[in-house]
Amino acid sequence: MVDYAEADPAALHPGAILRQGREYRGLSIDDVSQALKLAPKQVVAIENEEFDLLPGNTFARGFVRNYARFLQIDPAPVVAAVERRLERGEVDLNPPSNAAGTMPVGSGSQGVPRVLLAILMLVVVALAVGVYFERFRTGSTGTWQLGTASAPEKGADSRAAAGDAVPQVVEMPAPGGPVPAANPTAVPPAPAQAVVSVPSPAAEPPAAAVPAAPAAVPGALRRLQFSFGKESWVEVRDGAGKVLAAQLNPTGSTLAIQGQPPFSVVVGNAASVRLKDDDRAVDLQPHISGTVARLKLD
């Protein structure tokens, strides 16, 4: 279960979200353009929020939606952020210069063929767009929501390059992990059970692991709560490897996650993030490398 307290929705930057998601997955502009069948300059325009360089409003929304799904990000908030910019008039998606005029028609015998050719081209383009979007809708393997989508396994870059589009807040798996190849079966959340503390067996702790916490009875759930002093990326997986959260969190927001331990946690801008495991504060400082903290909570 994920409780995501969003900051002001207008503060979300769809281009920055998509760019950071691509970088966390270790993908280049060319990787994305090949997977989505877009020109590299169109991918750059999306990430720079230069939507006026795209063919139009409909195509811009479709490109952004498919880009988010490819990165396993819930497309709804990303597309909504684009819509807000369009409503405020921040982006003018290339209106035709002759929108108020009439379509020029050739004179004589050439006029009718030109009109028919233009209509035929529009029909072909509409069919191509429909097939393209249908492929993403029917070929998707899962839906990413705020912290509930399945994470791709690391090292499967060949499947992402093969063009398997994986749709559905903003969440991404760790760098290097592509889109999973099969539609995962939804697993209902286990009912909450009473937690019985037992002594943790003595073991050699890994170099980047926090001190061992009391083990929970199988099936028991624990709660993690993050508080963000700055914009920060968070990814959390449970003991079965299922992604509970993978998203970019705005400044001043909080993120609460409930799942079955042990947890694997990745936190960006970790120095400005506070973490609690149930009621126990977790010190991220010993696990920070650069600006990212990676740790395991048993």
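The values are calculated or read from the model by the stated rules, or taken from the named source; none is laboratory data. These numbers come from a predicted model, not from an experiment. So basically every Cβ, Gly included, is an ideal-geometry build from the backbone, and we count neighbours across all protein chains shown.
Tabulated data
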{"quantity": "Test: residue in the stretch 243-257 that is farther than 26 Å from A81 by Cα, not in a helix (DSSP H, G or I) and not assigned by TED's automatic domain parsing to the domain that holds H13", "calculated": "no"}
{"quantity": "Residue match in the stretch 188-202 (condition: among the polar types (S, T, N, Q), at pLDDT below 90, farther than 20 Å from E23 by Cβ and touching a strand residue (DSSP E or B) at 6+ places or on another chain (Cβ under 6 Å))", "calculated": "yes"}
{"quantity": "Residue match in the stretch 275-282 (condition: buried (at least 19 other Cβ atoms within 10 Å of the Cβ), farther than 19 Å from E231 by Cβ and among the small types (G, A, S))", "calculated": "no"}
